[in-house]
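Visitor: This is the structure I want to talk about, given as structure tokens.
Any read-out appearing in this document is the output of simple, stated calculations on the displayed coordinates, not a laboratory observation. All of these numbers come straight from a predicted model, not from anything done at the bench. Virtual Cβ from ideal backbone geometry, glycine too; neighbours counted across all protein chains shown.
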Amino acid sequence: MAFFFFFVLVCILILLAIASYVRFARRRKEKGQGHGGYGGLKLPPGSMGWPYLGETLQLYSQDPNIFFTSKQKRYGEIFKTHLLGCPCVMLASPEAARFVLVTQAHLFKPTYPRSKERMIGPSALFFHQGDYHLRLRKLVQGALGPDALRALVPEVEATVRSTLAAWDGRVMSTFHAMKRLSFDVGIVTIFGGGLPPRWKAELRKNYSIVEKGYNSFPNSLPGTLYYKAMQARRRLHGVLSDIMRERRERGEPGSDLLGCLMQSRADDGVAPLLTDEQIADNIIGVLFAAQDTTASVLTWIVKYLHDQPKLLEAVRQEQAAVREATDGGRRPLTWAHTRSMALTHRVILESLRMASIISFTFREAVADVEYKGFLIPKGWKVMPLFRNIHHNPDYFQDPHKFDPSRFQVAPRPNTFLPFGNGVHACPGNELAKLEMLVLIHHLVTGYRWEIVGSRDEVEYSPFPVPKHGLPVRLWRENRTVDRTPPCE
Ligand code: HEM
């Protein structure tokens, strides 16, 4: 009997699926989404998969990069698909990425799920376009520009030193250690060096709860990860309001990122440009944009250097010369020292290319757009595929080989986009690179390390990192290794 009901249920589901597919195909034809609609323009080649589901299952049942690469092989550099309930056009050529992100950027707006916007803060700059975005961007870029970074070198160096000292003699997940480092660097960038420890601890605690809920199902029932994350977000906002109030009472807004946002003025030069709510959203947004991105790339750098002893030796020699210039590490590193690390800089660029931790970005077409004879319909998601471009042998010979020397010559325009391009390109790219240079300097001149366990598998958290965050045993140079079992 139970089998009979099960059989009937399966038949009904199959009939429903066929009926909805027929409806979906008819609607698509009526809308001109087949051939010949929209004034004769056709959609890019590709497949839309099942009704509603699209090709989401195919994407998530394998390495996402294999999904994108096999599509590109089959359909070329522009193709359509249907993911997470949205029709999408994917673009895998440098010209197309430039078209969407730079020359026709006004036709493609940033797009994020509403639940993620609520969690980061709806006023954060990456959700916006136009005047508000431009003004905010200027402020953020100013606080992350060369002058500000020059002054930050001692703070970054102190943070790197204490991260490595805490790791010394232990096995730790590299990603975990690098997340702590990039969070701490984010904090000094935003609040300067003098943030009281209790506020820093509150920010760290609540931010880590927000993070855990970021990729969870957006369910506001008490007890769920999403609910807890939204509560923690409220508390973060409370801490930020306290910090701003305290600065105002002291009459010293500060020259760090928070200070720049607090002192910004509207066109009349008097009224504040931003409300405290808008400032808080942007502070949380910058912390969010800065942490996992930088930590993932740093983790890959530790692996790439470990896996290539000859290259590591060459980097060590370059850094030994810098160490001599700092009197064997007795004097602090300066901005000028960081500008003299040519090979190390190339290792960073090659790590950014190889790992391509941001494989693509999302935009949404705000009008019907024609690109190379194809139609990108209004409302469709548009995804420039950075990783496909970085791994295309037409632009990077032997793309799966880790070869920093390829950056002795500048890459062709729009072929190297680890930090995006155009109006939304990453304003934190120089800070991220500074952090990497300083970390590599202290790592290779002061320490030795070995990878513990598997090293070739990849996990997504959400960016790709080596499995388990790359567990590594690290010890100070000239010290015998203590091989007691891992602490972490
Ligand atoms: C290796 C580290 C990093 C990588 C690979 C990275 C990559 C990116 C990319 C690709 C974008 C553009 C996204 C798009 O166009 O949709 C972006 C935007 C952004 N990044 Fe980064 N980023 C890194 C580190 C940082 C750091 C350290 C900060 C801040 C301290 C930061 C702050 C931002 C902000 C605020 C935006 C939004 C800009 C806008 O919408 O105008 N990023 N990042």
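Visitor: Which three semi-axes in whole Å describe the equivalent ellipsoid of segment 229-274, each the square root of 5 times a Cα gyration tensor eigenvalue, listed largest first?
Guide: Gyration-tensor ellipsoid for segment 229-274: 23, 13, 9 Å.
Visitor: Further question: Within a 10 angstrom radius of the beta carbon, how do 43, 83 rank from fewest other beta carbons to most?
Guide: Final ranking by Cβ density, sparse to dense: 83, 43.
Visitor: Across segment 267-383, what fraction of all alpha-carbon pairs, as a whole percent, falls in each successive 5 Å bin from zero upward?
Guide: Histogram of Cα-Cα distances, whole percents per bin: 2, 8, 11, 11, 12, 12, 11, 11, 9, 7, 4, 2, 0.
Visitor: Would you please classify the overall shape of segment 198-319 from the alpha carbon gyration tensor, given that a ≥ b ≥ c denote the square roots of the eigenvalues, rounded means a/c under 1.5, and beyond that prolate means a/b larger than b/c while oblate covers the rest? Before the final figure, lay out the partial values.
Guide: Values: a/c = 2.75, a/b = 1.42, b/c = 1.93.
Cα axes put segment 198-319 in the oblate bin.
Visitor: Moving on. If every alpha-carbon in segment 369-447 counts as one equal scatterer, what log10 I(q)/I(0) does Debye give at q = 0.16, 0.18 1/Å?
Guide: Each listed q corresponds, in turn, to -0.88, -1.02.
Visitor: Sort 455-466, 345-356, 262-273 by packing, meaning the average of other beta carbons within 10 Å per residue, with the highest value first. Mind dumping the intermediate values first?
Guide: Working: 455-466: 15.4, 345-356: 22.2, 262-273: 11.5.
Order by mean packing, descending: 345-356, 455-466, 262-273.
Visitor: For segment 352-488, count the residues as N, evaluate 2.2 N^0.38 Å, and divide the Cα radius of gyration by that value, please.
Guide: Details: Rg = 19.9 Å, N = 137, 2.2 N^0.38 = 14.3 Å.
For segment 352-488, the normalised Cα radius of gyration comes out at 1.39.
Visitor: Can you list, bin by bin at 10 Å, the percent of alpha carbon pairs in segment 305-349, starting at 0?
Guide: 27, 51, 21, 0
Visitor: Moving to a separate point now. Once each part is reduced to its C-alpha centroid, what is the distance from segment 199-231 to segment 416-479 in angstrom?
Guide: Spelled out, the Cα-based centre of one part sits 25 Å from the other.
Visitor: Using the alpha-carbon atoms, what tilt in degrees (0 to 90, nearest 10) does helix 276-307 show relative to the longest principal axis of the chain?
Guide: 80 degrees
Visitor: I would also like to ask the following. Once you've got the Cα coordinates, tell me which of 109/303; 401/433; 200/433 are over 29 Å apart. Write out the running numbers ahead of the final one.
Guide: Values: 109/303 36 Å; 401/433 22 Å; 200/433 24 Å.
Exceeds cut-off: 109/303.
Visitor: Mind checking the angle between helix 342-355 and the chain's longest principal axis? C-alpha axes, 0 to 90 degrees, to the nearest 10.
Guide: Between the helix axis and the principal axis of the chain, the angle is about 30 degrees.
Visitor: Amide H neighbours of residue 459 under 5 Å, counting only residues 5+ apart in sequence or on other chains, H built in-plane at 1.01 Å?
Guide: Here 465, 467 satisfy the definition.
Visitor: Give me log10 I(q)/I(0) at q = 0.05, 0.06, 0.09, 0.12 Å⁻¹ for the chain, Debye formula, one equal scatterer per alpha-carbon, no solvent.
Guide: -0.22, -0.32, -0.71, -1.20
Visitor: Something else about it: Counting pairs of alpha carbon atoms under 8 Å apart in space and at least six apart in sequence, what relative contact order in percent does segment 68-204 give?
Guide: Details: 60 pairs, mean separation 14.7, N = 137.
Relative contact order for segment 68-204 comes out at 11 percent.
Visitor: Report the one residue of 196, 50, 329 whose Cα lies farthest in the direction of the positive end of the charge dipole of the chain (charges on C-beta: Lys and Arg +1, Asp and Glu -1; origin at the Cα centre).
Guide: Checking the options against the dipole of the chain, the answer is 50.
Visitor: With the radius of gyration and the Kirkwood radius both derived from the Cα set of segment 51-152, what is their ratio Rg to Rh?
Guide: 1.07
Visitor: Within the P(r) computed for segment 39-96, what percentage of the Cα pairs occupies the region above 12 Å?
Guide: For segment 39-96, the share of Cα pairs beyond 12 Å comes to 66 percent.
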